[in-house]
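Contents: one structure, followed by commentary.
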Amino acid sequence: MTYCFVCPECGARQEMRAYGEVPWCSNDHGTAGVLPMRRDYRTEAAAPQTLQLKREREAGGRRAIRDLFLPKAKDFESPSDPDGEKGLRAWADETKPKDGNTKPLWPDMKKKVF
């Protein structure tokens, strides 16, 4: 869990992995001095899910996102299908992208040769 904090005066942000004492803003706020930060619940709700996806997208593009969510051939390996290609092809044949999806992502699989 990532705990997010924000300074009520200047908006400075800080993240912590373990929640102990409330952190203090490192900026000097004049007569107010150094202020304690407050929890930023809105950022906490979105940060764990979207931050990782953003990093993956920036690191590897659409291929990295595809590898996060779509199955791979090794997921379908079995004694009757040692490389998993038959199972992956069957999954791709019965799974259809949502109507209106102009750029569907498909798992990395061998091309069919006719």
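Miscellaneous remarks
- Filtering G11, G30, G100, G61 for residues that are at positive phi and either within 21 Å of the chain's Cα centre (by Cα) or among the β-branched types (V, I, T) (or both) leaves a single hit, G61.
- Positions within the stretch 26-48 being surrounded by 13 or more Cβ atoms within 10 Å (Cβ to Cβ) and either at pLDDT below 70 or closer than 15 Å to M1 by Cβ (or both), in sequence order: R39, D40, T43, E44, A47
- Within the stretch 82-104, the residues that satisfy the criterion of being surrounded by 14 or more Cβ atoms within 10 Å (Cβ to Cβ) and either closer than 25 Å to R55 by Cβ or of a type in the set (D, E, K, R) (or both) are E85, K86, R89.
- Qualifying residue in the stretch 40-62 (condition: closer than 30 Å to E15 by Cβ, of a type in the set (D, E), touching a residue at least 12 places away in the same chain (Cβ under 8 Å) and touching a Cys at 6+ places or on another chain (Cβ under 6 Å)): yes
- Residue in the stretch 68-81 that is under 30 Å from C4 (Cα atoms), surrounded by 10 or more Cβ atoms within 10 Å (Cβ to Cβ) and touching a residue at least 12 places away in the same chain (Cβ under 8 Å) present: yes
- Failed criterion for M109 (all others in (1) touching a Phe, Trp or Tyr at 6+ places or on another chain (Cβ under 8 Å); (2) surrounded by 14 or more Cβ atoms within 10 Å (Cβ to Cβ) hold): (1)
- Set T102, T2, T95: member being in contact (Cβ under 8 Å) with a residue 12 or more places away in the chain and of a type in the set (S, T, Y): T2
- R89 being of a type in the set (K, R), in contact with a Lys or Arg (Cβ under 9 Å, 6 or more places away or on another chain) and not in a loop (DSSP other than H, G, I, E, B): yes
The values are calculated or read from the model by the stated rules, or taken from the named source; none is laboratory data. Computed from a prediction, not measured in an experiment: that's the story for all the values here. Backbone-built Cβ (ideal geometry, glycine too); neighbour counts: all protein chains shown.
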